[in-house]
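First the structure, in the form of structure tokens, and then the observations on it.
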Amino acid sequence: MTTSVPSIALCRDCFTQMNGPALPKRCPNCGRRRIIAHDELFDLSIAHMDCDSFYASVEKRDNPDLADKPVIIGGGKRGVVSTACYIARIRGVRSAMPMFQAMKLCPDAVVIPGRMKVYVDVSRQIRSLMEELTPSIEPLSLDEAFLDLTGTAKLHGAPPAVMLARLTKRMKDEIGVTGSIGLSHNKFLAKIASDLDKPHGFSVIGQAETEQFLRPKPVRMIWGIGPAAQSALEKAGIRTFDDLLRWDQRDLTARFGGMGERLWHLARGQDRRCVTRNAPVKSISKETTFFEDTSDPELLDGHIWRLAEQVSDRAKARSKAGRVVTLKLKQANFQTLTRRQSLGDGTQIADRIYRTARALFDQVGDKGPYRLIGVGIADLIDEKQADASGDLLDPQATQRAKAEKATDDIRDRFGTDAIMKGRALR
């Protein structure tokens, strides 16, 4: 990322370290070109590792015939895209896209139902490799995590950059999936860096170049800046980090509240957040943004069910349940409506999450069209404490919960589409 010619480099295949005023284009040891060069390469220790198209990569690993084919993970032709491999992404396929639209863009795609338990198992294998490097790991999801390798060079006899290169090589050789590394001096920049060279990349943003690197970049690069926040910033004339730098900290805070203060620091590449091991998960949610605003109640009902299923799958993967169900709706004018319903004993059952969220949707009334819908659970507890008392107002709830657990077993063996609710086709 530096503008001057770097004098420090590393071969990502054989881990040969190089330094000097004239670095070779090929590794002098193995002859390969996968060299990462940066003056601060061996001084930085905050990293973000992001698996490359994780679910699709696992499917390609388990079925080598799919290696050169576009693969979409999704829930049937009338469902939505969960994720897609890079071949499909080049054709324009994106997560949360309606499956019919994805198939128009990529008619030769192989559509595969997700296998959450398999993905969880692979994620645990990757986590085990990370644990060998450092105890300071902060998972963000099954396929990405922050790592702090500060002070580990003596332990491993090599700087963090070398150990991260070894990590991704072991992931590929031993587990069969690839990941991209972002290395920097804080979490904000490490996460940005991991997206710069995908797939199977390794990018560095050093301290000396931080401001120069950020200045021309769009503010939408900031994690958490969605369409609504981006629109509000654009109304204030803020499109790039350079625009942000022109604002006084007090003015930004007065205009945008807590987000304004955060933006002032991020515009300068400042992020004091630590990599926090076992950071408590406060909620589990899933949302989707529509390509066209909609008020269609059947379409929205289908999305509520699919989102409830995905929240349920994530909760089961984490052995968690929620005592609060949440519904989020974003109107065409970007106004956000949220509703919450407390449950006595908590739940991780998709049917119960769906029915609660659907009741919340009915309470909202006709306030569409909507551009986004989200479902979630909060006030998380251990799954052993949940769904124990049943629902006195719904005598069939216990039977549906038992049926759902039996369905989970069948889907784990034969795929997500082995059994599908009729509402999932909406």
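The values are calculated or read from the model by the stated rules, or taken from the named source; none is laboratory data. What you are looking at is a predicted structure, and each value in this text was computed from that prediction instead of being measured. For neighbour counting, all protein chains shown are included, and Cβ atoms are generated from backbone atoms with ideal geometry for every residue, glycine included. Surface accessibility is based on the protein's heavy atoms, side chains included, excluding ligands, DNA and RNA. Shrake-Rupley method; radii C 1.70, N 1.55, O 1.52, S 1.80 Å.
Hey, what did region 77-160 get for relative contact order, percent, Cα under 8 Å, at least 6 apart?
Working: 71 pairs, mean separation 13.8, N = 84.
After rounding, I find 16 percent.
Please report the Cα spread of region 286-356 along all three principal axes, rounded to whole Å, starting with the longest.
36, 19, 19
Counting pairs of alpha carbon atoms under 8 Å apart in space and at least six apart in sequence, what relative contact order in percent does region 1-156 give?
Computed over region 1-156, the figure is 18 percent.
Give the share of C-alpha pairs in each 5 angstrom bin for region 244-288, from 0 to the last occupied bin, in whole percents, shortest bins first.
Histogramming region 244-288 at 5 Å steps yields 5, 19, 18, 12, 15, 18, 11, 1 percent.
Take region 190-260, drop everything but the C-alpha atoms, weight them equally and run the Debye formula without solvent; then report log10 I(q)/I(0) at 0.15, 0.17 Å⁻¹ to two decimals.
Log10 of I(q)/I(0), two decimals: -0.57, -0.71.
How large are Rg and Dmax for region 28-98 when calculated on the C-alpha trace, in angstrom?
Cα radius of gyration and Dmax of region 28-98 are 17.2, 53 Å respectively.
In Å², and per residue, what accessible area does the chain have when probed at 1.4 Å with the other protein chains present?
Working: 21000 Å² over 426 residues.
Here the per-residue accessible area is 49 Å².
Once the Cα gyration tensor of region 214-351 is found, what semi-axes does its equivalent ellipsoid get, as square roots of 5 times the eigenvalues, in whole Å, sorted largest first?
Working: eigenvalues 224, 88, 34 Å².
Three semi-axes, in Å: 33, 21, 13.
Sequence gap at least 6, Cα distance under 8 Å: using those rules, report the relative contact order of the chain to the nearest whole percent. Display every interim value, and only then the final one.
Details: 782 pairs, mean separation 59.7, N = 426.
That works out to 14 percent.
For D65, what accessible area in Å² do you get when you roll a 1.4 Å probe over the heavy atoms of the protein chains, rounding to the nearest 10?
Counting only protein heavy atoms, D65 exposes about 120 Å² to solvent.
Straight-line reach from K282: which lysines have Cα under 16 Å away, leaving out those fewer than 8 places along the same chain?
Those lysines meeting the cut-off are K316, K320.
Filter K117/K217; K60/K330; K69/K169 down to the pairs with a C-alpha to C-alpha distance above 31 Å, please.
On the way: K117/K217 38 Å; K60/K330 36 Å; K69/K169 23 Å.
Check vs 31 Å cut-off fails for K117/K217; K60/K330.
Taking 10 °C and 1.306 mPa s as the conditions, I'd like the Stokes-Einstein D for the chain in µm²/s, using the Kirkwood hydrodynamic radius from alpha carbon pairs.
Numbers: Rh = 23.6 Å.
Diffusion coefficient, whole number: 67 µm²/s.
For region 28-174, list log₁₀ I(q)/I(0) at each q in 0.12 Å⁻¹, using the Debye formula over Cα point scatterers of equal strength and ignoring solvent, two decimals each.
-0.62
With +1 on each Lys and Arg Cβ and -1 on each Asp and Glu Cβ, and nothing else charged, work out how big the dipole of the chain is about its Cα centre, in Debye to the nearest 20. Each step should come with its number before you reach the end.
Numbers: 66 positive and 54 negative charges, 54 e Å.
Computed about the Cα centre, the dipole is about 260 debye.
With +1 assigned to the C-beta of every Lys and Arg and -1 to the C-beta of every Asp and Glu, and no other charges, what is the dipole magnitude of region 129-204 about the Cα centre in debye, to the nearest 20? List each step's numbers first, then the result.
On the way: 8 positive and 10 negative charges, 47 e Å.
Charge dipole, region 129-204, about its Cα centre: 220 debye, nearest 20.
Which residue, G374, G344, G74, tops the fluctuation ranking in a GNM of the chain built on C-alpha contacts under 10 Å?
Of G374, G344, G74, the most mobile in the Gaussian network model is G344.
Cα atoms only, region 118-252: Rg and Dmax in Å?
So, for region 118-252, Rg and Dmax equal 17.5, 52 Å respectively.
At what distance in nm do the modelled label points of E261 and L23 sit from each other, each positioned 7 Å from its Cα along Cα→Cβ?
3.9
What Cys residues in the chain have no fellow cysteine's beta-carbon under 4.7 angstrom?
Those would be C51, C85, C106, C274, since no other cysteine Cβ in the chain comes under 4.7 Å of theirs.
Which of the helices in the chain meet the span-like rule: DSSP H, Cα axial reach of 20 Å or more, Kyte-Doolittle mean at least -0.5? Write out the running numbers ahead of the final one.
Values: long enough: 116-131 (22 Å, -0.10); 297-317 (30 Å, -0.56); 350-364 (21 Å, -0.35); 397-414 (25 Å, -1.43).
In the chain, the long hydrophobic H runs are 116-131, 350-364.
Among V93, T152, P107, whose Cα lies farthest out toward the positive end of the dipole of region 88-162, if unit charges sit on the beta carbon of Lys, Arg (+1) and Asp, Glu (-1)?
Projecting each Cα onto the dipole axis, the largest value belongs to P107.
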